[in-house]
Amino acid sequence: MKKVFTTGQVAKICKVAPRTVSKWFDSGRLRGYRIPGSQDRRIPREQLIRFLKEHGMPLGELEEEEWHKVLIIGAEKLFIDRVRELLPEDEDYKYEIAQSGFEAGIMAESFHPDTIIIDLALGRSEAIQITSNLRKNAAYEVTLIIGLASEDEAAPEKLTEHGFSEVFKKPFDVALLGERIRTLAEAKRDDM
């Protein structure tokens with residue numbers, strides 16, 4: 001993920017000529033800095049996003065980086081609806097739903113989720129298999145993987161040994177889960 005762009009890269013994102021970007025920069029509308037001893041301009045990512053939003057321009061490829069993507073595997077419709085209500089798509093949350101481990105693997109590859117929620121009602125061994133397969137991939141080493149354990153799960157905390165970041169034991173307040181994801185999403189945005 002780029003933090004700083006050249007005028008040529010900004011021109012591609014905005015679908016304008018590089019000279020137009022230079023004019024925006026020179027007039028002070030698009031903030032950035034010059035490379036010492038050179039005329040080359042550099043535009044920090046947050047300044048580019050600010051400029052695009054101020055001028056009502058599409059964020060293009062930068063937009064996807066703004067989203068916090070959640071993959072929900074094997075959960076009930078009622079739970080999914082509640083999570084979507086707590087973390088609405090118009091607040092930059094995007095969702096994909098998978099009903100099986102196979103479907104989850106395909107979606108994880110194309111969707112690149114930031115948070116993965118796996119309901120162990122899918123089957124404890126299948127949920128553990130999904131998690132261990134994801135953790136083998138370097139792209140998911142730090143992804144938040146949340147397990148939803150049933151009431152009769154003997155030692156839900158033991159699931160962290162299988163790669164789950166956190167486990168919520170049913171019944172639990174979905175608002176707490178929503179708040180945990182929101183905190184993570186805000187921390188990710190602050191790091192950009």
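Rule-based calculations on the coordinates, nothing more; no lab input. This is a predicted model, so every value here is computed, not measured. Counting neighbours? That spans all protein chains shown, and the Cβs are built from the backbone with ideal geometry, glycine included.
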field: Rg and Dmax of the chain, Cα atoms only, in Å
entry: 20.6, 67
statement: Along principal axes, largest first, the alpha-carbon spread of segment 53-92 in whole Å comes out as 40, 16, 9
- request: Only helical DSSP H runs with n ≥ 4 go in: add -39500 (n - 2.57) per run for the chain, normalise by residue count and round the 222 nm mean residue ellipticity to 500 deg cm²/dmol.
  value: -13500 deg cm²/dmol
task: Once you have the Kirkwood Rh of segment 23-98 from its Cα pairs, apply Stokes-Einstein at 4 °C and 1.567 mPa s and quote D in µm²/s.
output: 85 µm²/s
query: For Ser27, what charge total do you get from the other residues with a beta carbon under 14 Å from its beta carbon, if Lys and Arg give +1 and Asp and Glu give -1?
result: +3
statement: Quick numbers on segment 21-63, Rg and Dmax over C-alpha atoms in Å, give 11.0, 34
field: At most 14 other Cβ within 10 Å, DSSP loop - chymotrypsin sites (Phe, Trp or Tyr not before Pro), segment 97-192
entry: Phe172
- prompt: In degrees, nearest 10, range 0 to 90: what is the angle between the Cα axis of helix 77-86 and the longest Cα principal axis of the chain?
  reply: 40 degrees
